[in-house]
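The values are calculated or read from the model by the stated rules, or taken from the named source; none is laboratory data. Not measured: the values here are computed from a predicted model. Backbone-built Cβ (ideal geometry, glycine too); neighbour counts: all protein chains shown.
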Amino acid sequence: MMKTVSTITINLLCQALDFPGGKVAYISEMRFISESNDKRIPCYRLLDDNGELIEDSDIDQISKEVAVKMYSEMVTLQMMDTIFYEAQRQGRISFYVTSVGEEATNIASAAALAADDVVLPQYREPGVLLWRGFTLEEFANQCFGNKADYGKGRQMPIHYGSKKLNYFTVSSPIATQLPQAVGAAYSLKMDKKDACVVTYIGDGGTSEGDFHAALNFAAVMEAPVIFICRNNGWAISTHITEQFRSDGIAVKGQAYGIQSIRVDGNDALAVYRTIRAAREIAISEQRPILVEALTYRVGHHSTSDDSTKYRPADEIEYWKMARNPVNRFRKWVERNGWWSEKEESELRSSIRKQLLQAIQVAEKTEKPALGNLFSDVYDLPPSNLREQEKQLRETINRHPQDYPSDVPM
Amino acid sequence: MTTIFRGLGALTASNSFDSKKLQLPSPRSFSERKASFLLVRSDGSVNLNLGSNSRARRAEQLITNAVATKADGSAASTASKPGHELLLFEALREGLEEEMDRDPTVCVMGEDVGHYGGSYKVTKGLATKYGDLRVLDTPIAENSFTGMGIGAAMTGLRPVVEGMNMGFLLLAFNQISNNCGMLHYTSGGQFKIPIVIRGPGGVGRQLGAEHSQRLESYFQSIPGIQMVACSTAYNAKGLMKAAIRSENPVILFEHVLLYNLKERIPDEEYICNLEEAEMVRPGEHVTILTYSRMRYHVMQAAKTLVNKGYDPEVIDIRSLKPFDLYTIGNSVKKTHRVLIVEECMRTGGIGASLTAAITENFHDYLDAPIVCLSSQDVPTPYAGTLEEWTVVQPAQIVTAVEQLCQ
């Protein structure tokens, strides 16, 4: 068969097709891409379950100071959760959410960041605030909603926020912080700041539309934001097998053109190293990174939940004891000669005392005055709110017996 | 898109315009307030010609108001105050550009706002001038780019978020109600959100139900936000500037049919007050409250009413949240009769809230129940005639005033 020169040329040129989006090779054999890879994305870890450095680990040692601080804060977080949870059970605070089992993800990721990095939490990351210097008193004040609370008593417990520590106030709706994080990264990009944005989300939150759009935006806008997904296995009672059918969350990064990594969220060293590296890439290359931290939610979803209703008690026990991130890191720190039983008991008793004291004081501190109901809705109160405040005060004056006596006017 | 303005002929031809002749028998059962159908069609630009003509003839009756555009209406002053003429969408752009020049933290984000210049050309040329980062094209996810704007605002920028059509902002409702309006409050004042959310809304040009939403109706309850609606090139620029400078989140409602209104505005810099209503035409007999496009239907009806011997006071409320009850109250105390003309639906619209607010505050001054003319509680149909009948027309306004003033 005689082919003309032009036909041959066309055949050669057609090795790749030109479409919006670039050249793409073609094949004549129909092939569906499998819904999953043969192997799951491997998980980066440095310490084994006994807190021993795995051989061939590519770690540059962290300093004793940082390691000890990390460990201490993990212990503090653990104890804060225990005592505040008990306080809720005793009726002293109305609600609480623990981060039990996720201490390494919380503290180690925070330790890898700089003070200028902006943090947008979901709600299970108080460890980040703790690392940055939020005091136990400040935590207690928010939980009790007293007048020392920076939120002025307007939010449920655990909705912490601190502008000076660059930690955006927790907002209840799931995943709304993700596009906001992209916006914050956009702001940093405009200012050419040597900082990035870090935002957290749970496995359940990745089902929200905002997750998809935020990752997409971040990639398109080349925004310096690190998305940390705490895959802790449960979204209240929804197990991850019912949440998505993909290989976790790390696999989704590529769908958006984002570099991603899966890390053992209960390995403080691995988390620390990963976030440091992610931060470096995000800022120097001005691109987003997706980090999936595999962990386990040991506690209930919140104090309004009893997770024994939907998962076996021995599963919880296993993760609480055998896979405990705090114990695991402790072993490594102790093995380095940086920690001892004596320091452990001193730390624990000191923290316990501080916590109990903080709760006692916060409980007794006055609630915010009535005027705080109406202020900060706008920068200045408009006439309708001034009117409504006036009406409310008049009502209270007429029926003082119905108004709580311990709330200042 | 211009339509044949049959009504114009009828109006100019006869001095005694009998609105009753225009009434068709109603095959459907509307409530009494919306009994009449209309033959009179209106189009924003034609209305303006009428409006400005009427303003020119009534120059001596108009009170110069710091926020109104009356100055350019009077023939005598046009020669001494040059100003410059432009279309409403250009006025919006001018305001936006001035603020972007003045404050480097002001940025724009939305779909096709960059080099495409925006669907209604409000951001035309800005991307070339300020760059692709400061005038940002976003992927199609309204909830997310609104969220992005909120995050940027909390980090120190002053974003202007454009919804290609206000109706699309329904997708952003979560971010707007749960975060935009709330975070300043729930953070205890630590984080402020000086964001402006703007876009074209309202009914017009046969865009179908999904593109004819009146979002002011749905947003009005959200605490922490302010809402304003522009209606002239003058107040469009002034409100845009004021909204950008405000520390609160502001939603600026533009109207699809008003973008091509031409007007002469001052060369000097000016800002309109976000919370103030605009006195369009002072009068004695009845207070007509309206905003956005309906202002032009009201002014057209006012022309007719004046011919019939009525003296309506027309106020463009402009500030939809909060209402300027001071200006409105003074008017009610003077005229004792109120007619509200809006494009929102009957149920739960701005008119419904305004009726409640006026009744509550000025009940003693009213000689008659407040009359509110609104669109029906139906999705806006595509067919031109049907669409027309969902919008309050001048003839209905005339009838309503006549009934109110009996």
>> Quick check on segment B:263-274. Is at least one of its residues assigned to a loop (DSSP other than H, G, I, E, B), of a type in the set (A, V, I, L, M) and either surrounded by fewer than 19 Cβ atoms within 10 Å (Cβ to Cβ) or out of contact with any His (no Cβ under 6 Å at 6 or more places or on another chain) (or both)?
In response: yes
> Of B:G199, B:G208, B:G188, B:G167, which residue is under 16 Å from B:Q226 (Cα atoms) and small (G, A, S)?
Replying inline: B:G199
>> For the condition crowded, with 24+ Cβ neighbours inside 10 Å and at pLDDT 95 or above, what is the one hit in A:V128, A:V100?
In response: A:V128
> Has segment A:358-368 got any residue that is within 30 Å of A:L130 (Cβ to Cβ), free of Cβ contacts under 8 Å to residues at least 40 places away in the same chain and of a type outside the set (S, T, N, Q)?
Replying inline: yes
> Just for segment A:134-170: of the residues that are more than 10 Å from chain B (Cβ to nearest Cβ) and touching an Asp or Glu at 6+ places or on another chain (Cβ under 7 Å), which one is surrounded by the fewest Cβ atoms within 10 Å (Cβ to Cβ)?
Replying inline: A:K147
> Could you list, in sequence order, the residues of segment B:264-277 that are over 16 Å from the mean Cα position of the chain (by Cα) and not β-branched (V, I, T)?
Replying inline: B:R264, B:P266, B:D267, B:E268, B:E269, B:Y270
>> Looking at (1) surrounded by 20 or more Cβ atoms within 10 Å (Cβ to Cβ); (2) within 27 Å of B:S246 (Cα to Cα); (3) touching a residue at least 60 places away in the same chain (Cβ under 8 Å); (4) not charged (D, E, K, R), which one does B:I315 not meet, given that it meets all the others?
In response: (3)
> Based on what the data block shows, is B:E360 outside any strand (DSSP E or B), touching a helix residue (DSSP H, G or I) at 6+ places or on another chain (Cβ under 9 Å), surrounded by fewer than 17 Cβ atoms within 10 Å (Cβ to Cβ) and charged (D, E, K, R)?
Replying inline: no
> Of all residues in segment A:189-204, how many are surrounded by fewer than 24 Cβ atoms within 10 Å (Cβ to Cβ) and at the interface with chain B (Cβ under 9 Å from one of its Cβ atoms)?
Replying inline: 3
> Filtering segment B:133-172 down to residues that are over 19 Å from B:G114 (Cβ atoms) and within 7 Å of another protein chain (Cβ to nearest Cβ), which residue is surrounded by the fewest Cβ atoms within 10 Å (Cβ to Cβ)?
Replying inline: B:G156
> Hey, does segment A:53-66 have a residue that's at pLDDT 95 or above, in a helix (DSSP H, G or I) and crowded, with 22+ Cβ neighbours inside 10 Å?
Replying inline: no
>> Looking only at residues that are touching a strand residue (DSSP E or B) at 6+ places or on another chain (Cβ under 9 Å) and more than 7 Å from every other protein chain (Cβ to nearest Cβ) in segment B:173-190, which one is surrounded by the most Cβ atoms within 10 Å (Cβ to Cβ)?
In response: B:I176
>> I need the helices (runs of 4 or more DSSP H) fully contained in segment A:206-278, keeping only those with at least 1 residues that are more than 19 Å from the chain's Cα centre (by Cα), modelled with pLDDT of 95 or more and more than 14 Å from chain B (Cβ to nearest Cβ).
In response: A:253-256
> Can you tell which of A:S375, A:S405, A:S350 is part of a loop (DSSP other than H, G, I, E, B), surrounded by 11 or more Cβ atoms within 10 Å (Cβ to Cβ) and among the small types (G, A, S)?
Replying inline: A:S375
> In segment A:366-390, how many are within 11 Å of another protein chain (Cβ to nearest Cβ), among the acidic types (D, E) and under 23 Å from B:I358 (Cα atoms)?
Replying inline: 1
> For the subset of segment A:110-133 comprising residues that are in a loop (DSSP other than H, G, I, E, B) and within 14 Å of another protein chain (Cβ to nearest Cβ), which member is nearest to A:R92 (Cα to Cα)?
Replying inline: A:Y123
>> Which numbered condition in (1) of a type outside the set (G, A, S); (2) more than 14 Å from chain B (Cβ to nearest Cβ); (3) over 20 Å from A:E73 (Cβ atoms) is the only one that A:E346 fails?
In response: (3)
> Which residue, of B:E263, B:E275, B:E269, is closer than 18 Å to B:Y120 by Cα and acidic (D, E)?
Replying inline: B:E263
> Yes or no: A:I158 in contact with a Cys (Cβ under 9 Å, 6 or more places away or on another chain), touching a residue at least 24 places away in the same chain (Cβ under 8 Å) and either among the small types (G, A, S) or assigned to a loop (DSSP other than H, G, I, E, B) (or both)?
Replying inline: yes
> Given the residues B:V332, B:V378, which is the only one that is among the β-branched types (V, I, T) and either in a strand (DSSP E or B) or at pLDDT below 95 (or both)?
Replying inline: B:V378
> Going by the structure shown, is B:R318 out of contact with any Lys or Arg (no Cβ under 6 Å at 6 or more places or on another chain) and at pLDDT 95 or above?
Replying inline: yes
> For segment A:378-398, does any single residue satisfy the condition of being without any contact (Cβ under 8 Å) to a residue 40 or more places away in the chain and in contact with a Ser or Thr (Cβ under 7 Å, 6 or more places away or on another chain)?
Replying inline: yes
> Can you tell which of B:K241, B:K237 is in contact (Cβ under 8 Å) with a residue 60 or more places away in the chain, over 29 Å from B:C405 (Cβ atoms), out of contact with any strand residue (DSSP E or B) (no Cβ under 7 Å at 6 or more places or on another chain) and basic (K, R)?
Replying inline: B:K241
